[in-house]
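The values are calculated or read from the model by the stated rules, or taken from the named source; none is laboratory data. Values in this document were obtained by computation on a predicted structure and should not be read as measured data. Glycine also receives a Cβ, built like all others from the backbone with ideal geometry; neighbour counts cover every protein chain displayed.
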Amino acid sequence: MIGGNKISGTIPIELGNLTNLNTLYMDRNLLAGRIPPAIGNLTKLVILSLSTNNLSGPIPSSLGNLDQLNEIYLDANQLTDSIPKSLGNCIHLNKANFSCNNLKGRIPKELFSIASFTLALDLSHNSLTGPIPLEVGKLINLGVLNLSHNYFRSNIPTSLGNCLLLEHLHMEGNLLEGRITNSFANLKGLKEVDLSLNNLSGNIPNFFESFDSLYYLNLSYNNFDGPVPIDGLFSNKTEVFIQGNDKLCAKDPNLFLQVSPCLAHNSTRTSNSHLVRTILMIIAGIIVIISLVVSCLLLFWRKAHKTQLSTDHAKEKFRKVTYADLDKATDGFSPRNLVGRGRFGSVYKGKLEFEVNPVAIKVFNLDLRGGLKSFTTECDALRNLRHRNLVRVITSCSTINPFRNDFRALVFEYMPNGNLEKWLHPKSTSETLTLAQRICIASDVASSLEYLHDGCGNSIVHCDVKPSNILLDHAMTAHVTDFGIAEFLVCTTEKSKNSSSLSGLRGSIGYIAPEYGMGGRASTAGDVYSFGVLLLEMLTGKRPTDEIFKEGLSLPSFVNEAFPERIMEIVDSAILGQESEVESEPSDHRNIRSVIQLIKVALLCTVELPKHRIKMRQVASEIAYIWQVFSN
């Protein structure tokens, strides 16, 4: 037992000569390199623990020779390739942990055919793919199964219902689809179930109400619909998590404040309710007709007065400023106060008399085609938005300048640390971002985009997510800015909620989703793609427009080719080797693990087909989880 001694170097091949060993603990060291196949000679081993090192390469198939093995721990390393089928020969295994590696491919059915598993099987936080094998039903004595945070894409197999002794089940953070199988009803001994961050649908089964041992149920961020059960576990709202399922409704609104109340229950429908419903339908019809007439009138009026509408609202809501005020604040729009240029105007630092802190004044170039529309769009977008990670608008100005030309400007809170672009590609090493700062910034941006897509009524697509549109305040908190080409998704159907009626090339070269280049509609999935590219840029230090990205090679495909075996070769060198504030774990190992998890998220964002990309709410939740693990 030599665990926890910070031993470095590689595992010596000669270790395979100790054929009488029955226990080998080498965990929590700084061991690197590959696991030598010679360990397969230790046929009397009962326990093998190599966890929490820097081991890389594949799991040797020779480990299948260890047919007396009861427990194996290879977690928290950098192991790659697929899980060898030969492990199915370890017929006495009762506990195995391969979590937090870079394992990929499908789970071999041979692993699920080991009937001796009684304690736990943990394959979480890898890059495993494919369906969950039907052979999972052979683990009839297993107590803990953790398949979370992989890329499994399938229904939950019905055979899982054969695992009658299962107590803890974790499948969160995958791409699982379909309904929760009825065979789940057999698993009455479950204590903890987490199926969050998937694409599961259908009703939440009522049989969970009868699970007396169940104390934790997380079904958040899926596509469940219908009423939430109210008995059993569901009567304690601190033990059930269902947020992020927009189609759910609550029979008892006091239990689940995060979902809408159900409108009616079948059991209470009487002849009186039919009468009430008929009256309501008539009233609703009248309201719809009136609404249509009013909408048409408003639409006509708005087309004639669109710019004036934005200006009038700004006057009502924000303090009025004149051209003279802004001219004085910027010392005559002096070049020395110029802090940036955008596609439709310039940004100046200024000081208004009624503001304690400096402000940023964005002056729109109305001579450019789209300049006036950009001003109107930003006014419309920012008027009712409130989020800590969106830039705060202070006021606006719509007037005539002394040269008798139209003048439009927006006044924002000034961000003293500039934009993310200068921090990702600094002129000096003093402006280098730490990994902790990068994770926090990524979390900030993801949170703001989640709000735009799902949290502010009608969805808003930013359409231009890139480093220069991410501003950093004095505390290095990120704020998304520049809504000049944003799109409003005002339709209510699920399909139209995800795309607008307008098409065309929208965004900045390198960050534009592939479907936009083929005339695709603006969509929330397009923002997800742009965010994924941004996240890859934050982790690799490479711009998506760098010269190496040509002839079909893009930043996402470049990273995907290196993932996971060579991923550390392409990561920004400024991230690696940074000192950790956590004493209990080597900083380089902690950093590497977090980087790999972030890259997995980014690659899920940049999948070619928009329908296969994860939602922004899942991205925000994943990065929040990565930060939680990193900071703790």
Looking at (1) outside the structural domain of Asn77 (by TED's automatic domain parsing); (2) touching a Phe, Trp or Tyr at 6+ places or on another chain (Cβ under 8 Å); (3) farther than 21 Å from Lys615 by Cα, which is the one condition that is false for Leu219? (3)
Picking from Val363, Val339, Val321, Val356, the residue that is surrounded by 11 or more Cβ atoms within 10 Å (Cβ to Cβ), assigned to a loop (DSSP other than H, G, I, E, B) and modelled with pLDDT of 70 or more would be Val321
Of the conditions (1) modelled with pLDDT under 90; (2) touching a Pro at 6+ places or on another chain (Cβ under 9 Å), Ala185 clears all except one; give me its number. (1)
Restricting to the stretch 204-224, what's the tally of residues that are in contact with a Lys or Arg (Cβ under 9 Å, 6 or more places away or on another chain) and within 15 Å of Phe184 (Cα to Cα)? 7
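Conditions (1) touching a helix residue (DSSP H, G or I) at 6+ places or on another chain (Cβ under 9 Å); (2) crowded, with 20+ Cβ neighbours inside 10 Å; (3) outside the structural domain of Ser594 (by TED's automatic domain parsing); (4) under 22 Å from Arg617 (Cβ atoms), marked per residue:
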{"residue": "Cys397", "(1), (2), (3), (4)": "yes, yes, yes, no"}
{"residue": "Asn401", "(1), (2), (3), (4)": "yes, no, yes, no"}
{"residue": "Leu433", "(1), (2), (3), (4)": "yes, yes, no, no"}
{"residue": "Arg438", "(1), (2), (3), (4)": "yes, yes, no, yes"}
{"residue": "Ala446", "(1), (2), (3), (4)": "yes, yes, no, yes"}
Please indicate, with yes or no, whether at least one residue in the stretch 165-173 is in contact (Cβ under 8 Å) with a residue 60 or more places away in the chain and within 18 Å of the chain's Cα centre (by Cα). yes
For the stretch 366-395, give me each residue that is assigned to a helix (DSSP H, G or I) and either hydroxyl-bearing (Ser, Thr, Tyr) or within 13 Å of Phe483 (Cβ to Cβ) (or both). Lys373, Ser374, Phe375, Thr376, Thr377, Glu378, Cys379, Asp380, Ala381, Leu382
Could you please give the count of residues in the stretch 90-111 that are part of a strand (DSSP E or B) and of a type in the set (A, V, I, L, M)? 1
Residues (more than 13 Å from His387 (Cβ to Cβ) and of a type in the set (Asp, Glu)) located in the stretch 448-475: Asp464, Asp473
Here's a check for you: in the stretch 324-336, which residue that is among the hydrophobic types (A, V, I, L, M, F, W, C) and more than 20 Å from Asp367 (Cα to Cα) is surrounded by the most Cβ atoms within 10 Å (Cβ to Cβ)? Ala329
When you look at Ser86, is it closer than 21 Å to His149 by Cα and either of a type in the set (Gly, Ala, Ser) or touching a strand residue (DSSP E or B) at 6+ places or on another chain (Cβ under 7 Å) (or both), yes or no? no
Total residues in the stretch 509-526, condition in a loop (DSSP other than H, G, I, E, B) and crowded, with 20+ Cβ neighbours inside 10 Å: 3
Selection from the stretch 200-216 of residues surrounded by fewer than 21 Cβ atoms within 10 Å (Cβ to Cβ) and either closer than 28 Å to His453 by Cβ or free of Cβ contacts under 8 Å to residues at least 40 places away in the same chain (or both) yields Ser201, Gly202, Asn203, Pro205, Asn206, Phe207, Glu209, Ser210, Phe211, Asp212, Tyr215, Tyr216
Hits in the stretch 597-632 (condition: modelled with pLDDT of 85 or more, farther than 25 Å from Asp246 by Cα and either out of contact with any Ser or Thr (no Cβ under 8 Å at 6 or more places or on another chain) or buried (at least 22 other Cβ atoms within 10 Å of the Cβ) (or both)): Gln597, Leu598, Ile599, Lys600, Leu603, Glu608
Could you tell me which residue of the stretch 47-58 is modelled with the lowest pLDDT, considering only residues that are within 17 Å of Ile2 (Cβ to Cβ) and surrounded by fewer than 21 Cβ atoms within 10 Å (Cβ to Cβ)? Asn54
Restricting to the stretch 142-159, name every residue that is touching a strand residue (DSSP E or B) at 6+ places or on another chain (Cβ under 8 Å) and not in a loop (DSSP other than H, G, I, E, B). Val144, Leu145, Asn146, Tyr151, Phe152, Asn155
